[in-house]
């Protein structure tokens, strides 16, 4: 049994990316520990669970209870069921504090994403989490990040090199194609809060998308080509890039996951089953190698 750490913010993390990852890891008999800033149970982005507030009438108290577009973009039934199960788990109810993270006690670390700025920025900008991440990378322990979680990784500097821990590695993350499309829709459907889908806004003088996840992650890499997206010759290209189809435990064809050594990355909730399974396999392989080394 491997010991896995999942740090999350106090609120607004993506329910699917956290809960499906937890579900897959638990199903494979891995132990999961959660970590939050204050050591208290966290809350996911409510709109991603209910879909309420994602329509043109989402700012009207009574009408917002009747989502339409929101039902299409919220977590699907697999994500919602997994979230309900996860919130009842004793480990989720009693997380450790970010400041108590000890990389030596865990075999791997997984970072979910989320985009709502009020809750995600403290997570993405945390020097405490960046310090913990650096220890995992410097010890070459398996690390997985999905969506905005990759942004936290990109901002983490190695204690050995002083460069981003992703420098020299290949990765994916929330692509500008997906983020930009969601932002364009959000500017219309949430006209009173048009930047809901943009955690970081482009500033005056910056090109559109300069502060996107893909752009910032790419700036941390050794070369731009190290940021990977679905190859156009992929047999399932449309399925993988439409933003409308999600993978399942049985069907990985909509997913796009990148593995570089002990580092695993993915783009959005639609990749999460395949992402979690790939990470679980990396953890098991690393743990097995560690055991063989110790035996020698």
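The values are calculated or read from the model by the stated rules, or taken from the named source; none is laboratory data. All figures in this text were calculated on a predicted structure; none of them were measured in a lab. Backbone-built Cβ (ideal geometry, glycine too); neighbour counts: all protein chains shown.
From the residues in the range 148-159 that are in a loop (DSSP other than H, G, I, E, B) and out of contact with any strand residue (DSSP E or B) (no Cβ under 8 Å at 6 or more places or on another chain), which one is modelled with the highest pLDDT? Even if it seems obvious, please write down each step before you answer.
Pass one, the range 148-159, residues in a loop (DSSP other than H, G, I, E, B): 148, 155-156, 158-159.
Now restrict to residues that are out of contact with any strand residue (DSSP E or B) (no Cβ under 8 Å at 6 or more places or on another chain): 148, 159.
Values: 148: 98, 159: 93.
So, considering only residues that are in a loop (DSSP other than H, G, I, E, B) and out of contact with any strand residue (DSSP E or B) (no Cβ under 8 Å at 6 or more places or on another chain), the one modelled with the highest pLDDT is 148.
What is the one condition in (1) over 17 Å from the mean Cα position of the chain (by Cα); (2) surrounded by fewer than 18 Cβ atoms within 10 Å (Cβ to Cβ); (3) under 28 Å from residue 133 (Cα atoms) that residue 228 does not satisfy?
(1)
Could you look through the range 160-195, keep only residues that are at pLDDT below 95, assigned to a loop (DSSP other than H, G, I, E, B) and in contact with a helix residue (DSSP H, G or I) (Cβ under 7 Å, 6 or more places away or on another chain), and pick out the one that is farthest from residue 58 (Cα to Cα)?
Of everything passing the filter in the range 160-195, 160 is farthest from residue 58 (Cα to Cα).
Checking the condition in contact (Cβ under 8 Å) with a residue 12 or more places away in the chain, crowded, with 20+ Cβ neighbours inside 10 Å, under 19 Å from the mean Cα position of the chain (by Cα) and at positive phi, which residue from 79, 119, 114 passes?
The unique qualifying residue is 114.
Within the range 209-219, can one find any residue that is more than 22 Å from residue 24 (Cβ to Cβ), free of Cβ contacts under 8 Å to residues at least 24 places away in the same chain and in contact with a strand residue (DSSP E or B) (Cβ under 6 Å, 6 or more places away or on another chain)?
Yes, the range 209-219 contains a residue that is more than 22 Å from residue 24 (Cβ to Cβ), free of Cβ contacts under 8 Å to residues at least 24 places away in the same chain and in contact with a strand residue (DSSP E or B) (Cβ under 6 Å, 6 or more places away or on another chain).
Of everything in the range 85-111, what is closer than 17 Å to residue 43 by Cα, surrounded by fewer than 15 Cβ atoms within 10 Å (Cβ to Cβ) and touching a residue at least 60 places away in the same chain (Cβ under 8 Å)? Give them in sequence order.
Hits for the range 85-111 are 85, 97.
How many of the residues making up the range 225-247 are assigned to a loop (DSSP other than H, G, I, E, B), touching a residue at least 24 places away in the same chain (Cβ under 8 Å) and farther than 26 Å from residue 286 by Cβ?
Of all residues in the range 225-247, those assigned to a loop (DSSP other than H, G, I, E, B) come to 228-236, 242-247.
Within this subset, residues satisfying the condition of being touching a residue at least 24 places away in the same chain (Cβ under 8 Å) are 228-230, 243, 245-247.
Going one step further and asking which of them are farther than 26 Å from residue 286 by Cβ, we end up with 229-230, 243, 245-246.
Selection size over the range 225-247: 5.
Failed condition for residue 16, given (1) in a helix (DSSP H, G or I); (2) closer than 20 Å to residue 118 by Cα; (3) free of Cβ contacts under 8 Å to residues at least 24 places away in the same chain, with all others met?
So the condition that residue 16 fails would be (3).
Output the residue which, of all residues in the range 122-147 that are touching a strand residue (DSSP E or B) at 6+ places or on another chain (Cβ under 8 Å) and in a loop (DSSP other than H, G, I, E, B), is surrounded by the fewest Cβ atoms within 10 Å (Cβ to Cβ). Can you show your working first?
Within the range 122-147, the subset touching a strand residue (DSSP E or B) at 6+ places or on another chain (Cβ under 8 Å) is 123, 129-130, 132-134, 136-137, 141-147.
Filter once more, keeping what is in a loop (DSSP other than H, G, I, E, B): 141-142, 147.
On the way: 141: 22, 142: 26, 147: 31.
Per the stated criteria, the residue is 141.
Quick test of your reading of the structure: residue 64 fulfils all but one of (1) in contact (Cβ under 8 Å) with a residue 12 or more places away in the chain; (2) more than 24 Å from residue 126 (Cα to Cα); (3) in a loop (DSSP other than H, G, I, E, B). Name the failing condition by number.
Among (1) in contact (Cβ under 8 Å) with a residue 12 or more places away in the chain; (2) more than 24 Å from residue 126 (Cα to Cα); (3) in a loop (DSSP other than H, G, I, E, B), the lone unmet condition for residue 64 is (3).
Identify all residues within the range 89-111 that are in a strand (DSSP E or B) and either on the phi > 0 side of the Ramachandran plot or touching a helix residue (DSSP H, G or I) at 6+ places or on another chain (Cβ under 8 Å) (or both); write none if there are none.
Restricting attention to the range 89-111, the residues satisfying the condition of being in a strand (DSSP E or B) are 96-97, 108-111.
Selection gives 108, 109, 110, 111.
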